[in-house]
Amino acid sequence: MRQAGRYMPEYRAVRARLGFLELCKSPEAAAEVTLQPVERLGVDAAILFADILLVLEPLGVGLEFTRGDGPRIGRPVRSSQAARALPQVDVDDALGFVYETVARVRKALGDRVPLIGFAGAPFTLASYLIEGGPSREFLLTKAFMRREPEAWAAMMTRLADVTADYLNGQIGAGVQAVQLFDSWVGALSPADYRAYVLPHSRRVIRALRPGVPVIHFGVGTGGLLPLMKEAGGDVIGLDWRVELGPTWECLGSDVAVQGNLDPAVLLADVDAIRSAAREILDGAAGRPGHVFNLGHGIHKETPVEHVRALVDIVHELSAR
């Protein structure tokens with residue numbers, strides 16, 4: 001998830017002069033906002049400023065970001081023919097601006113903190129393509145994958161290959177870890193995940209350059225976490241709906257975990273933030289392999305000083 005966002009006045013200043021896609025496509029501006037949380041918050045890693053849907057634009061589906069409504073797909077993919085017709089993408093040509101952003105950020109960071117890149121997982125990308133935008137129930141997506149299983153597999157394979165190429169491009173440009181972000185996969189049952197998603201997420205992860213840590217994260221995935229581990233990843237991201245300690249024990253000590261503070265806690269006072277952070281750290285019990293993070297993105301209403309307080313609290317409590 002992005003660190004920079006509307007909760008930061010510095011980011012709002014940039015967005016006042018640039019649209020969202022315009023910002024993503026400007027390496028100078030995207031590098032600037034990637035660095036803002038490092039300078040303002042004292043975090044232990046920088047997260048590339050980009051968007052999971054950038055890989056969809058070169059597919060010719062009419063990607064737009066509208067104020068207030070978020071991402072929209074102008075030409076949704078809702079037929080077998082359309083799914084099979086998705087073109088091959090030269091990601092180096094289509095998304096070179098992202099790689100330039102990575103290079104600029106790495107140069108600015110030096111050896112201070114590592115840079116994490118990311119991409120959307122195939123299911124989440126497919127759901128946007130089919131639904132035409134965000135959805136609550138994903139009825140069109142679920143119907144399509146059952147009604148047209150062969151076309152679904154063809155589309156997911158294409159999306160998996162594009163995603164792997166995109167992440168390998170980020171790695172080549174200098175990111176030191178990557179996250180596969182499955183925003184909407186929590187809408188599925190374990191059986192559907194196993195049949196329709198797991199092989200394609202695994203395809204992405206297995207195609208990535210060896211030696212670069214992979215974080216695998218989904219939202220609302222408490223019932224899917226063992227299957228997500230099976231799909232792959234060095235680190236399994238946890239949202240705030242699960243207890244970190246017992247969940248990690250269930251997953252096993254052979255995988256690291258990331259998470260998992262409820263972002264809404266940052267709207268409370270600093271004492272409440274401290275208490276919630278301590279609870280998560282106590283759940284990790286000092287075991288190596290825990291990456292403290294939020295369980296999802298920062299709400300735009302969050303006071304930036306509360307985010308800085310959280311970083312300081314985690315550093316303080318972790319040092320004891």
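The values are calculated or read from the model by the stated rules, or taken from the named source; none is laboratory data. Predicted, not measured: the structure shown is a model, and the values here were computed from it. Glycine gets a Cβ as well: all are built from the backbone with ideal geometry, and neighbour counts include every protein chain shown. What goes into the accessible areas is simple: the full protein's heavy atoms, side chains included, and nothing from ligands, DNA or RNA. Shrake-Rupley method; radii C 1.70, N 1.55, O 1.52, S 1.80 Å.
Within the same chain, lysines fewer than 8 places from LYS107 are excluded, and of the rest, those with a Cα less than 30 Å from its Cα are LYS25, LYS300. Can you give me the % of accessible surface on the stretch 166-220 that is carbon or sulfur? Probe 1.4 Å, all protein chains present, nothing else counted. Carbon and sulfur atoms account for 54 percent of the accessible area of the stretch 166-220. On a per residue basis, the stretch 39-168 carries 44 Å² of accessible surface, using protein heavy atoms and a 1.4 Å probe. On a per residue basis, the stretch 193-293 carries 45 Å² of accessible surface, using protein heavy atoms and a 1.4 Å probe.
The Rg/Rh ratio for the stretch 191-304 is 1.00, where Rg is the radius of gyration of the alpha carbons and Rh is the Kirkwood radius. Check the straight Cα-Cα distances from LYS142 and name the lysines below 30 Å, setting aside those fewer than 8 residues away within the same chain. Counting by Cα, and skipping residues close in sequence, LYS142 has these lysines nearby: LYS229. In units of the compact-protein estimate 2.2 N^0.38 Å, the chain shows a Cα radius of gyration of 0.96. Counting only protein heavy atoms and a 1.4 Å probe, tell me what percentage of the stretch 225-308's accessible area is made up of carbon and sulfur. C and S atoms contribute 51 percent here. The stretch 249-316 and the stretch 114-137 have their alpha-carbon centroids 24 Å apart. Cα-based values for the stretch 11-128, radius of gyration first and Dmax second, are 15.8, 49 Å. Each Cα pair under 8 Å and six or more residues apart adds its separation to the average, and for the chain the resulting relative contact order is 16 percent. Is the stretch 255-297 rounded, prolate or oblate when judged by the Cα gyration tensor, a ≥ b ≥ c being the square roots of its eigenvalues, rounded requiring a/c under 1.5 and prolate requiring a/b larger than b/c? Here the stretch 255-297 falls in the oblate category. Under the combined filter of DSSP loop state and at most 13 neighbouring Cβ atoms within 10 Å, the stretch 50-157 retains these trypsin sites (Lys or Arg not before Pro): ARG67, ARG112, ARG136. All C-alpha to C-alpha distances of the stretch 131-257, sorted into 5 Å bins beginning at zero, yield P(r) values of 2, 10, 20, 22, 21, 14, 9, 2, 0 percent in whole numbers. Place a point 7 Å from the Cα of ASP44 along the Cα-to-Cβ direction; which residues of the stretch 75-115 have their backbone N under 15 Å from it? Answer for the stretch 75-115: 112-115. Placing a pseudo-label 7 Å from each Cα along the Cα-to-Cβ vector at ARG320 and ALA264 gives an inter-label distance of 2.7 nm. Per-residue ellipticity at 222 nm from helix content only, as computed over the chain with -39500 (n - 2.57) for each DSSP H run of at least four residues, stands at -14500 deg cm²/dmol.
Considering only beta bridges that DSSP places wholly inside the chain, some 15 percent are antiparallel. Would you mind getting me the FRET efficiency between GLN81 and GLU249? Use the beta-carbon distance for r and R0 = 45 Å, nearest 0.05. Efficiency at R0 = 45 Å is approximately 0.45. Remark: the stretch 222-228, residue by residue, has Karplus-estimated 3J(HN,Hα) of x, x, 10, 4, x, 6, 5 Hz, where x stands for each Gly or Pro and the curve is 6.51 cos²θ - 1.76 cosθ + 1.60 at θ = phi - 60°.
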